[in-house]
Amino acid sequence: MTSSLIVSIAVDDDLTSIISDLQMAVDELVDWSDKWGMVLSASKTKVMLFGKSKDEVIELWMHDEKIEQVSKIKYLGVWLDQLLNFSKSS
């Protein structure tokens, strides 16, 4: 079984604008996958905000399911956290 990961990046000082841009990207991906008969799983999709603030909440939705916001994720064998300090994580 193979696993794939799609990364979308939005950069702005305004969190509302970032959320809007990311939700638009999710909606476009959902539309594309529906058109081509592909199934996306909101439970396997994660969102993470990089930066110093740990209190900011990003709410994104896919197929009427909220996408989980995480503080760290393993990507291509490397653990990424919100501060990008690359410390060893388990």
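The values are calculated or read from the model by the stated rules, or taken from the named source; none is laboratory data. What you see is a predicted model, and the numbers here were worked out from it, not measured in a lab. Note that each Cβ is placed from the backbone with ideal geometry, even for glycine, and that neighbours are counted across all protein chains shown.
Assorted remarks:
- One residue stands out among those in segment 17-66 that are assigned to a strand (DSSP E or B) and under 21 Å from Q82 (Cβ atoms): the one that is farthest from the chain's Cα centre (by Cα), which is K66.
- Output for segment 67-90, where each listed residue is β-branched (V, I, T) and assigned to a loop (DSSP other than H, G, I, E, B): I67, V70
- Restricting segment 26-81 to residues that are polar (S, T, N, Q) and within 20 Å of D13 (Cα to Cα), the residue that is surrounded by the fewest Cβ atoms within 10 Å (Cβ to Cβ): S53
- Subset of segment 38-90 that is more than 25 Å from D27 (Cβ to Cβ) and of a type in the set (D, E, K, R) - its residue that is modelled with the lowest pLDDT: K88
- Taking residues in segment 60-86 that are under 19 Å from Q23 (Cβ atoms), and partners anywhere that are of a type in the set (V, I, T) and part of a loop (DSSP other than H, G, I, E, B), the pairs with Cβ atoms closer than 8 Å and at least 6 places apart or on different chains are L60/I67; W61/I67; M62/T45; I67/T45; E68/T45; Q69/V57; Q69/I58.
- T2 meets all of the listed conditions (1) modelled with pLDDT of 90 or more; (2) hydroxyl-bearing (S, T, Y); (3) loosely packed, with under 13 Cβ neighbours inside 10 Å but one, namely (1).
- Looking only at residues of segment 31-59 that are without any contact (Cβ under 8 Å) to a residue 24 or more places away in the chain and aromatic (F, W, Y), we find that the one that is farthest from D21 (Cα to Cα) is W36.
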